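Peer 1: Just passing along the structure, written as structure tokens.
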Amino acid sequence: MITLPPADEMYAAIRRRDPAFEGVFFTCVKTTGIFCRPTCKAKPAKRENVEFVATAQAALLAGYRPCKLCKPMSPAGAAPDWASALIDEVRRSPATRIPDASLRERGLNPATVRRFFQDRFGMTFHAYQRAVRLGEAFAELRAGADALPAGMRAGYDSDSGFREAFARLFGAAPTKANGVLRLCADWLETPLGAMVAIADDDGLCLLEFVDRRALEKEIETLRRRRQCVVIPGANDVLRQTRDEISEYFGGSRRDFTIPLSPLGTPFQRQVWEALREIPFAETMSYAALADRIGRPGASRAVGRANGMNTIAIIIPCHRVVGASGDLVGYGGGLWRKRRLLDLEHASLEREIAEHTEIVAA
Ligand SMILES: [Zn+2]
């Protein structure tokens with residue numbers, strides 16, 4: 001997680017339009033739904049109407065639009081015409097996806113586009129489209145949040161724009177939710193970024209990093225297959241998830257006791273069960289996993305089932321590696337896979353060191 005300077009310091013910085021904070025944070029104004037650079041010439045909004053985020057992506061995801069005055073989406077110099085045209089197009093109809101094939105039809109090289117967005121905004125063009133799309137969805141549902149019963153609003157703080165936007169997105173349904181099966185959704189901050197957790201009363205159905213490509217689709221599938229609504233809030237399963245995940249990142253937990261209730265075919269469930277038996281800090285290849293479930297040679301199918309896992313960390317698909325021990329694909333990003341394994345190794349090494357000290361003493 002990117003750590004921001006103290007809020008008071010950031011607010012002081014926007015009041016003096018301090019260029020030293022360019023790129024460090026963005027200011028989101030709740031009353032106008034606009035986000036700005038720290039140096040924006042516009043009169044700063046009141047302290048209580050302002051929230052700060054580390055990236056333009058976070059601002060977009062929270063449903064804010066870029067300020068026309070300070071243009072927070074175009075950092076270094078003017079964007080080339082083709083890029084401005086793309087940005088305009090996405091902004092005008094966020095629901096329309098522009099895949100690589102359509103880029104090529106426009107005579108654009110997808111790799112060039114990717115590099116440009118990566119350099120300028122720190123995300124790929126596809127991530128940019130997703131961010132805008134989600135942001136629009138959040139903004140659209142903003143009004144829905146006001147319909148939330150007060151009791152349902154209580155219990156989650158509003159200091160994070162992300163969290164609020166998330167509550168708004170899932171909070172659109174509760175007026176229709178009475179008497180309908182519900183899934184509760186919660187928002188978790190972890191050292192590797194924010195995660196969404198969704199559970200019914202029996203178990204956890206989903207735990208994913210919010211920037212995972214397939215997240216929207218996974219939530220939609222869950223909603224449809226379970227024929228239920230997803231509402232923000234907490235139940236016992238989610239409270240336990242929050243505790244155990246925080247203990248895991250804190251180094252004091254290796255095994256999870258949270259009941260799970262994932263969607264999946266019998267084969268996928270079998271693979272996921274086997275994944276849960278890979279010990280903390282150890283890795284296993286797809287082929288070995290296939291052997292373990294009595295399906296030697298099915299390493300491809302095992303790999304696919306691994307990729308369909310929607311309960312990150314707890315069903316430890318990050319412990320599956322390629323045949324030669326190399327790290328291969330991870331839905332949450334390879335860097336996260338590496339960090340999760342590093343974290344587990346470090347915890348183990350600490351224990352060995354402590355043990356050695358005891359023996360030596
Ligand atoms: Zn501005």
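The values are calculated or read from the model by the stated rules, or taken from the named source; none is laboratory data. Predicted model, so just to flag it, every value in this text is computed and none were measured. So basically every Cβ, Gly included, is an ideal-geometry build from the backbone, and we count neighbours across all protein chains shown. What goes into the accessible areas is simple: the full protein's heavy atoms, side chains included, and nothing from ligands, DNA or RNA. Shrake-Rupley method; radii C 1.70, N 1.55, O 1.52, S 1.80 Å.
Peer 1: Probe 1.4 Å, all protein chains in place: accessible area of residue 22 in Å², nearest 10?
Peer 2: Accessible surface of residue 22 is approximately 70 Å².
Peer 1: Moving on. Given bins 10 angstrom wide, list per bin the percent of all Cα-Cα distances in the range 1-73, short to long.
Peer 2: The calculated distribution, bin by bin, is 22, 63, 15.
Peer 1: What FRET efficiency would be calculated for the residue pair residue 301, residue 100, taking the C-beta separation as r and a Förster radius of 35 Å, to the nearest 0.05?
Peer 2: Values: r = 27 Å, r/R0 = 0.78.
Once the sixth-power term is evaluated, E becomes 0.80.
Peer 1: Once you have the Cα-Cα distance between residue 224 and residue 254, take 0.36 nm times their residue separation minus that, and quote the gain in nm to one decimal.
Peer 2: On the way: separation 30, 0.36 × 30 = 10.80 nm, distance 3.30 nm.
Here the segment from residue 224 to residue 254 would lengthen by 7.5 nm.
Peer 1: Would you mind listing how long the range 266-352 runs along its three principal axes, going by Cα atoms, in whole Å with the largest first?
Peer 2: 37, 25, 23
Peer 1: Can you pull the one-decimal nm distance between simple spin-label points at residue 55 and residue 246, each 7 Å off the Cα toward Cβ?
Peer 2: Each label point is offset 7 Å from its Cα along the Cβ direction, giving 2.4 nm.
Peer 1: Also, I was wondering about something else. Calculate one ³J(HN,Hα) per residue across the range 95-112 by plugging θ = phi - 60° into the Karplus curve 6.51 cos²θ - 1.76 cosθ + 1.60, and present them in order as whole Hz with x for glycine and proline.
Peer 2: With coefficients 6.51, -1.76 and 1.60, one gets 6, 7, 8, 10, x, 3, 4, 5, 5, 4, 4, 8, x, 9, 8, x, 5, 5 Hz.
Peer 1: With θ set to phi - 60° and the Karplus curve 6.51 cos²θ - 1.76 cosθ + 1.60, what are the ³J(HN,Hα) couplings of the range 275-283 in order, to the nearest whole Hz, using x for Gly and Pro?
Peer 2: Here the 3J(HN,Hα) series is 4, 5, 8, 6, x, 2, 6, 9, 10 Hz.
Peer 1: Moving on. Please give the length that would be gained between residue 88 and residue 277 if that part of the chain were fully extended, namely 0.36 nm times their separation in residues minus their C-alpha to C-alpha distance (nm, one decimal). Let's see the in-between values first.
Peer 2: Working: separation 189, 0.36 × 189 = 68.04 nm, distance 4.88 nm.
Contour length minus Cα-Cα distance gives 63.2 nm.
Peer 1: Follow-up question, since we're still on this one. Hey, which lysines would be in cross-link range of residue 30, C-alpha to C-alpha under 29 Å, not counting anything within fewer than 8 residues on its own chain?
Peer 2: 41, 43, 46, 68, 71, 176, 217
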